[in-house]
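What follows is a set of notes on a single structure, which appears directly below.
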Amino acid sequence: MAIWNLGSINIDHVYRLPHLPQPGETLAAHGYGLGLGGKGANQSVAAARAGSVTHHLGAMGAGDDWVVARLDAAGIRTGAIQRLPKQATGHAIILLDAEAENAIVIHPGANRAIDEARLTRDLAGIAPGDLLLLQNETSAQPEAACAAKARGARVIYSAAPFDLAAVCAVLPHVTILAMNEGEAAQLAAAMPQGPGVEAMLITKGAKGAEYRDLRTGAVHHQPAFRVDPVDTTGAGDTFAGYFAAGLDQGLDVAQALRLASGAAALKVTRPGAGDAIPSRAEVEAFLANQPI
């Protein structure tokens with residue numbers, strides 16, 4: 001089996017600040033970093049480092065070859081990434097305070113200019129039992145989800161950044177809906193009858209995560225592991241990518257949740273986003289010292 005990810009590719013510009021700026025306030029950064037990011041790229045890196053065959057579908061500008069090189073180095077299959085000469089590679093401005101909290105501004109660029117015809121051709125190789133990952137940072141999400149479901153693949157959709165119209169367009173094709181606690185509350189308010197998917201995966205930061213099987217009513221809880229956070233950027237993406245890889249590799253839900261929680265815990269102890277996602281060996285070593 002394999003994981004396919006229609007996901008954003010961003011270049012992250014990270015500014016370290018004493019605190020997040022207030023309206024009208026000018027702050028001098030005491031640190032700067034340039035790295036690989038985007039919810040999609042982060043999830044692909046996580047899935048690949050967890051040991052799953054991972055195909056990245058998406059788009060970027062004609063330059064920035066170092067981005068593709070880093071995805072390749074993570075073990076991701078990058079042949080389906082569209083290179084669009086008239087578009088800028090997506091990028092993010094990330095403000096990070098002394099308590100490891102962040103504020104982020106994103107310019108989508110090529111992520112919102114995906115050629116749907118080529119995407120459909122690239123998805124022709126997806127097979128029953130494969131997984132398609134989606135997030136709300138690209139165009140062509142409903143088309144990709146529909147194509148994957150028609151071929152017997154499962155669809156895991158991270159509904160972030162939350163946009164109700166985008167969520168409604170994708171939901172008919174979704175197997176597992178992944179959200180953080182705040183996004184889940186927004187969806188419940190807008191859709192009290194429920195999302196109509198098989199399951200929901202809800203991350204709750206320091207409170208851990210839970211998986212709700214909406215067919216049987218079963219709920220699996222996973223506590224968060226205690227660590228000293230350095231940078232929370234990409235933690236949710238690390239969790240989602242590792243969870244998908246766990247399911248792809250035949251783990252049950254409880255095992256996949258534990259694996260994903262360990263990966264996210266390690267991630268927040270390191271600065272950066274995609275470049276800071278741990279390997280499977282690192283996660284297993286970490287989990288070996290954690291309570292069951």
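Just so it is clear, none of the values below were taken in a lab; they were calculated from the coordinates. Everything numeric here is computed off the predicted structure, so don't read it as measured data. FYI the Cβ positions are ideal-geometry reconstructions off the backbone, even for glycines, and counts take in every protein chain you see.
Structure notes:
- Of 229, 23, 278, the residue with the greatest mean-square motion in the GNM of the chain, using alpha carbon springs below 10 Å, is 23.
- Likely footprinting exposure, 53, 167, fewest C-beta neighbours within 10 Å first: 53, 167
- Placed amide H near residue 84: partners under 5 Å, 5+ positions off or other chain: 60, 61, 62
- For the chain: rounded, prolate or oblate by the Cα gyration tensor [a/c cutoff 1.5]: rounded
- Most mobile of 250, 234, 208 in a GNM of the chain (Cα contacts under 10 Å): 250
- Phi-based couplings in Hz for the stretch 71-84 (Karplus 6.51, -1.76, 1.60; Gly and Pro marked x): 5, 4, 5, 7, x, 8, 7, 10, x, 8, 6, 7, 10, 10
- For residue 32 and residue 227, a Förster radius of 25 Å and the Cβ-Cβ distance give a FRET efficiency of 0.50, rounded to the nearest 0.05.
- Sparse-neighbourhood loop sites, trypsin sites (Lys or Arg not before Pro) in the stretch 197-292 - DSSP loop, at most 11 other Cβ within 10 angstrom: 215, 226
- In sequence order, the stretch 173-183 has phi-based couplings of 10, 8, 8, 10, 9, 9, 8, 8, 4, x, 5 Hz under the Karplus curve 6.51 cos²θ - 1.76 cosθ + 1.60, θ = phi - 60°, and Gly or Pro positions carry x.
- Neighbour-count order for 81, 104, fewest beta carbons within 10 angstrom listed first: 104, 81
- Derived scalar couplings between HN and Hα for the stretch 43-56 equal 5, 5, 4, 4, 5, 5, 5, 6, x, 9, 5, 10, 9, 9 Hz in order, rounded to whole Hz, by the Karplus curve 6.51 cos²θ - 1.76 cosθ + 1.60 (θ = phi - 60°), x for Gly and Pro.
- Built amide H within the under 5 Å cut-off of residue 57, gap 5+: 5, 6, 7
- Above-threshold pairs, the threshold being 21 Å between Cα atoms, out of 86/149; 149/267; 39/267; 149/204: 86/149; 149/267; 149/204
- Summarising the amide proton neighbourhood of residue 180: residues at separation of 5 or more, or on other chains, whose placed amide H is nearer than 5 Å comprise 203.
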